[in-house]
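Inspection log for the structure reproduced underneath, given as C-alpha cells.
The values are calculated or read from the model by the stated rules, or taken from the named source; none is laboratory data. All values reported here derive from a predicted model rather than from experimental measurement. Here the Cβ positions follow ideal geometry from the backbone for every residue, glycine too, while neighbour counts run over all protein chains shown. With ligands, DNA and RNA removed, areas are computed over all heavy atoms of the protein, side chains included. Shrake-Rupley method; radii C 1.70, N 1.55, O 1.52, S 1.80 Å.
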Amino acid sequence: MSRNLETVKNIYAAFGRGAIDVILAALADDVAWEAWADNSAARAGVPWLQPRRGKAGAAEFFSLLGSTLVVKEFRVLALMDGGNTIAAEFEIACDIPPTGGQYRDEEIHLWTFNDAGKVVRLRHYADTAKHIRAAGLRLDDRESS
C-alpha cells in the first residue's frame with residue numbers, strides 16, 4: 001500500500017473520530033480545497049463546496065461542516081491508488097438543519113499529493129444539483145438547461 005493511500009485512509013478514519021487536527025496535519029500549507037473550474041455549486045452559493053486555500057481554508061470548511069451539516073452516513077466504498085493521486089468513492093447522507101434540506105449521494109474525492117506526501121488539492125465530484133437543493137438554493141439558468 002502506498003504512503004498516499006495510507007494517508008487517505010487515515011484522513012477518513014480521523015474524520016469519523018472528529019479528529020480534524022489529524023486531517024489538517026496531512027495537508028500542505030497551500031492546499032487547494034474544492035478548487036475546480038466551473039463549480040456550479042460554488043456559483044450557486046453552496047457554503048460547503050466553496051473553494052478554499054491553505055490549512056486555514058480547510059479548517060474553515062470543517063468548522064462550517066460541523067455547524068451546518070449533520071452527516072447521517074459516510075461509507076467509503078473504494079479507494080484507488082494512482083501514485084500522487086488517490087480517488088475515494090463513497091456514500092454520504094446528510095441533513096442540513098438550517099435549511100431543512102437533506103441529500104444522499106455516491107461521490108468521489110480526488111486527493112492530489114506532492115512529493116513530500118502532503119495533500120496539495122482536494123477535488124470533490126458530486127451531484128451538485130443535490131447539494132444546491134439541500135442548501136435551499138436554486139440552480140441558475142446555465143445549470144437548469
Within the set of other residues whose C-beta is less than 11 Å from the C-beta of ALA126, count the net charge using Lys and Arg as +1 and Asp and Glu as -1. -3
Using 1/(1 + (r/R0)^6) with R0 = 22 angstrom and r between the beta carbons of ARG75 and VAL22, what's the FRET efficiency to the nearest 0.05? 0.65
With all protein chains in place and a 1.4 Å probe, ASP95 shows an accessible area in Å² (nearest 10) of 50 Å²
Ignoring any ligand, DNA or RNA, what whole percent of the accessible area of the chain comes from carbon and sulfur when the probe is 1.4 angstrom? 51 percent
Could you check the simple spin-label distance between LYS118 and ALA87, using points 7 Å along Cα→Cβ, in nm with one decimal? 2.7 nm
In Å², what does the accessible area per residue of the range 8-115 work out to with a 1.4 Å probe? 47 Å²
Charge-dipole axis of the chain as Lys and Arg at +1 and Asp and Glu at -1 on Cβ define it, positive-most pick from TYR125, GLN102, LEU64: LEU64
What are the aspartates and glutamates whose alpha-carbon lies under 13 Å from the alpha-carbon of LYS72, with same-chain residues fewer than 8 places away excluded? GLU91, ASP95, ASP105
By how many degrees, 0 to 90 and rounded to 10, does the Cα axis of helix 54-68 deviate from the longest principal axis of the chain? 50 degrees
Treating the beta-carbon of each Lys and Arg as +1 and of each Asp and Glu as -1, no other charges, what is the dipole magnitude of the range 1-118 about its Cα centre, to the nearest 20 debye? 240 debye
Would you mind counting up the charge near HIS109? Only other residues with Cβ under 15 Å from its Cβ, with Lys and Arg at +1 and Asp and Glu at -1. -3
Structure-based [θ]222 nm, the chain - -39500 (n - 2.57) summed over DSSP H runs of at least 4, per residue, nearest 500: -10000 deg cm²/dmol
For VAL70 the rounded accessible area (nearest 10 Å², probe 1.4 Å, non-protein molecules ignored) is 60 Å²
Once the dipole of the chain is set up with Lys and Arg at +1 and Asp and Glu at -1 on Cβ about the Cα centre, which of ALA35, ALA13, ILE92 lies farthest towards its positive end? ALA13
Rank these residues by their accessible area, most exposed first, probe 1.4 Å: SER67, SER40. SER67, SER40
